[in-house]
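Everything below concerns the one structure shown next.
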Amino acid sequence: MKKIIALLLVCAMAFGLVACGSSKPAETQAPAGTEAPAATEAPAAEVKDITLKVWGPQEDQVDSSSWLPTMCEQFNTAHPEWNITFEYAVCPEGDAGKNVTQDPSAAADVYMFANDQLGTLVQADAIAQLGGTYLDQVLADNSDSMIASVTSTDGGVYGIPFTGNTWFMYYDKSVFTEDDIKSLDTMLEKGKVSFPLTNSWYIASFFFANGGKIFGDAGVDAAAGVEFGGDKGTAVTEYLVALNANPNFVVDADGSGLAGLRDGSVNAIFSGTWDAAAVQEALGDNFGAAQLPTITIGGEAKQLQSFAGSKAIGVNPNCQNMQAAVALAVYLGSAEAQLAHYEMRGIIPTSLALTENATIQADAVAMAQANTVANTSVVQPSIPEMNNYWVPAENFGKAIVSGEVTADNAAEKTEALNTALNNTGL
């Protein structure tokens, strides 16, 4: 009988488990020339008993009816050649890089991870590169940006994306029209706009808008460094100083933007799918969601571009049952499983096969994320050198908000930022 061992534990508690289970011995066959009994049926194909250890977030494995065990059991049923015992443990996607690399030989065979940890996982030999027909399937069912999010510096693809990870714009439709939301500057003339200027995941969007780059065009060239300086970078800093001084601009920190939507003091915020339910509750019939607007620099419209990444399924190269593990990972990232993930938990899919799904097309949040990924984003670098970006960028945003960075010293402060982003830690 197929079994499920629901070990709803944190990842650290799972390290002591054996990586994969063993298969049962092959059945013996009669010696050549031995006459079989007349009524004997042909021997059934051997079923291999295996164990697969699967890690994912708590929300996907609350009980046996949750998405993860449901999908795993469906996979098990579809593969009669295996009798799989699943061992589940809790590991949020954002913790996979830390927990899997702690001891790859004892970590999960199949796990979910955020793509910004890909470089760390590859360096630790804790994630397997995809190939063959499985790779062909993943390439055919994902956009270029989603494939790029799980592609390492060696050009190999190391994961199966199942949802995008980015931010976009929520707005009050009673204040802004569909034409208004195309330009941030137009919006600031008509209502209050809140933006997390002190958050380094968001502030880069302004530099990207004016031609800034991080680690080259593809975000994988560490030697290219960060290009936020020069005249283009200074123009961005000057824009941000003016933006912060605009009376219709509100710095979003510690949930203040969402609180402003609730009491009407704010009419637009920038966030992701995690805030969708709260924003819908706050705005009701006036709820709107859209890709990012443009900003005006030097008299020209420049497109804001958010970081975009993915959450994906990875396979541990130390797994003893690699064929089954890869097949399971590809299934968990398939259109079928992604649709179930959306229906059961609201996880917005990346599968190209689902782009024509009527339910998803009618979902404003799903379309805002999809349009942002496709039109107003850059792939977030996943190489380890990216770790040096976050603190200097955050401090720069804080310096703008505090008034330390001004229009008069914008060039000097911009170059200091660029130097910090390209220090010897890169």
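The values are calculated or read from the model by the stated rules, or taken from the named source; none is laboratory data. Note that the coordinates shown come from a computational prediction; the quantities given were computed from them, not determined experimentally. Cβ: placed from backbone, ideal geometry, glycine included. Neighbour counts: every protein chain shown.
Here are a few things to note about the model shown:
- Pick from the range 259-276, criterion surrounded by fewer than 19 Cβ atoms within 10 Å (Cβ to Cβ) and modelled with pLDDT of 95 or more, ranking: nearest to Ser306 (Cα to Cα): Ala259
- Just one of the listed residues (Thr120, Thr133, Thr153, Thr101) is touching a residue at least 40 places away in the same chain (Cβ under 8 Å), β-branched (Val, Ile, Thr) and outside any loop (DSSP other than H, G, I, E, B), namely Thr120.
- Residues that are assigned to a helix (DSSP H, G or I), under 27 Å from Gly299 (Cβ atoms) and β-branched (Val, Ile, Thr) do not occur anywhere in the range 263-284.
- Tally of residues being farther than 12 Å from Leu68 by Cα and of a type outside the set (Val, Ile, Thr) across the range 314-353: 23
- Only one of Leu184, Leu188 that is under 30 Å from Ala416 (Cβ atoms), surrounded by 23 or more Cβ atoms within 10 Å (Cβ to Cβ) and hydrophobic (A, V, I, L, M, F, W, C): Leu184
- Total residues in the range 156-182 satisfying the condition of being over 15 Å from Ile348 (Cβ atoms) and outside any loop (DSSP other than H, G, I, E, B): the figure is 8.
- Exactly one residue out of Asn321, Asn371 is of a type in the set (S, T, N, Q), in contact with a strand residue (DSSP E or B) (Cβ under 8 Å, 6 or more places away or on another chain), at pLDDT 95 or above and not assigned by TED's automatic domain parsing to the domain that holds Ala393: that is Asn321.
- Scanning the range 104-117 for residues that are assigned to a loop (DSSP other than H, G, I, E, B) and more than 16 Å from Gln323 (Cβ to Cβ) returns Ala107, Ala108.
- Some residue of the range 142-156 being modelled with pLDDT of 95 or more, at positive phi and surrounded by fewer than 18 Cβ atoms within 10 Å (Cβ to Cβ): no
- Among the residues of the range 362-385, those identified as within 19 Å of Trp274 (Cα to Cα) and more than 18 Å from the chain's Cα centre (by Cα) are Ala362, Asp363, Ala364.
- Some residue of the range 328-346 being modelled with pLDDT under 95 and either crowded, with 16+ Cβ neighbours inside 10 Å or outside any loop (DSSP other than H, G, I, E, B) (or both): yes
- Within the range 278-295, the presence of a residue that is touching a Phe, Trp or Tyr at 6+ places or on another chain (Cβ under 8 Å), of a type in the set (Ser, Thr, Tyr) and on the phi < 0 side of the Ramachandran plot is excluded.
- A single entry from Pro57, Pro80, Pro92, Pro43 fulfils the requirement of being of a type outside the set (A, V, I, L, M), at pLDDT 95 or above and surrounded by fewer than 14 Cβ atoms within 10 Å (Cβ to Cβ): Pro80.
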